[in-house]
Amino acid sequence: MPHATAEDGVKLYYEETGAGTPVVFVHEFAGDHRSWEPQMRHFGQRYRAIAFNARGYPPSDVPEAVSAYSQDRAADDIATVLDQLGIGRAHVVGLSMGGFATLHFGFRHAERALSLSVCGCGYGADPDQRETFREEGANTVAFIRAHGMRAFADRYAFGPTRVQYQNKDPRGFAEFLDQLAGHSAAGSANTQLGVQRERPSLYDLVDEMRALRVPTLVLTGDEDWPCLQPGLLMKRTIPSAALAVMPNCGHGINLEDPDLFNRIVGDFLAQVDLGRWPMRDTRAMGASITGMR
């Protein structure tokens, strides 16, 4: 099986299809490379499409130490995959945990990003909810360790931003549920402790976002409640960012409505590839509504 090896020796499993400009897909906490199958099939027809499993998600390695997991490592692991494949620059598309990794890849490796699609990004960002988010992370780890991944999946997958997928596509949702139940308990727990709970709030990254010049798409579902305000924050703060909201959608937008997701992301990539993606006109940030002040 193909693997890329990170600087600390952790091996990351990846798959690829197609040819042309590279697009790397970075999965969410509840997913893995298989979550991107609708995108691999679609974008693989016109791009070199790549999906990989984060550390902690077999057949990638599952390090035993929590210290092997962090937000910075998650971003750098994207670069590791690019290095393995001999890719200098790529479009990067990430969802949720993968959306955070994509954004941080832009902070840490901007010169290697053709574009950033930051999707479903914002959980735990609200400064007033930070301790609640960290507490939920600890509860998640305790539940996984006590009851295992099957019981965890049967609870986690029915959250308030997941039921939209179940209602739209019961068959697809059942597949998502089974795949989540098959994840490594140790890897999932360590990912929660090292990546999810410890990542900085988006509201503490305003300076980094203001300095970002990579073409950026912020994409979220309109019923993905924890991501709506952070999406607006990223739109306002990143001068190269556009914001798109998918109607009647929850968190797993690439699976919940793959046709719309692929169309929005595909249009974005096409504009970037043509050199037509704009930086925001500074006049759009004026304090006056009418310009008459």
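Okay, here's what the table says:
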{"quantity": "Region 185-204: number of residues that are more than 17 Å from the chain's Cα centre (by Cα) and not small (G, A, S)", "calculated": "4"}
{"quantity": "Some residue of region 94-115 being out of contact with any helix residue (DSSP H, G or I) (no Cβ under 7 Å at 6 or more places or on another chain), more than 30 Å from G20 (Cα to Cα), of a type in the set (A, V, I, L, M, F, W, C) and part of a helix (DSSP H, G or I)", "calculated": "no"}
{"quantity": "Strands (runs of 3 or more DSSP E) enclosed by region 1-79 - at least 1 residues per element that are touching an Asp or Glu at 6+ places or on another chain (Cβ under 6 Å) and surrounded by fewer than 19 Cβ atoms within 10 Å (Cβ to Cβ)", "calculated": "11-17"}
{"quantity": "Of all residues in region 150-163 being assigned to a helix (DSSP H, G or I) and surrounded by 19 or more Cβ atoms within 10 Å (Cβ to Cβ), the one that is farthest from the chain's Cα centre (by Cα)", "calculated": "F152"}
{"quantity": "Residue in region 83-99 that is aliphatic (A, V, I, L, M) and touching a Cys at 6+ places or on another chain (Cβ under 6 Å) present", "calculated": "yes"}
{"quantity": "Any hit, region 74-90, residues being among the charged types (D, E, K, R), at pLDDT below 95 and out of contact with any Phe, Trp or Tyr (no Cβ under 6 Å at 6 or more places or on another chain)", "calculated": "no"}
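Okay, residues lined up against (1) small (G, A, S); (2) in contact with a Leu (Cβ under 7 Å, 6 or more places away or on another chain):
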{"residue": "S115", "(1), (2)": "yes, yes"}
{"residue": "R134", "(1), (2)": "no, no"}
{"residue": "A142", "(1), (2)": "yes, no"}
{"residue": "R155", "(1), (2)": "no, no"}
{"residue": "Q164", "(1), (2)": "no, no"}
{"residue": "N167", "(1), (2)": "no, no"}
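The values are calculated or read from the model by the stated rules, or taken from the named source; none is laboratory data. Only a predicted model underlies this, so the values are computations on that prediction, with no experimental measurement involved. So basically every Cβ, Gly included, is an ideal-geometry build from the backbone, and we count neighbours across all protein chains shown.
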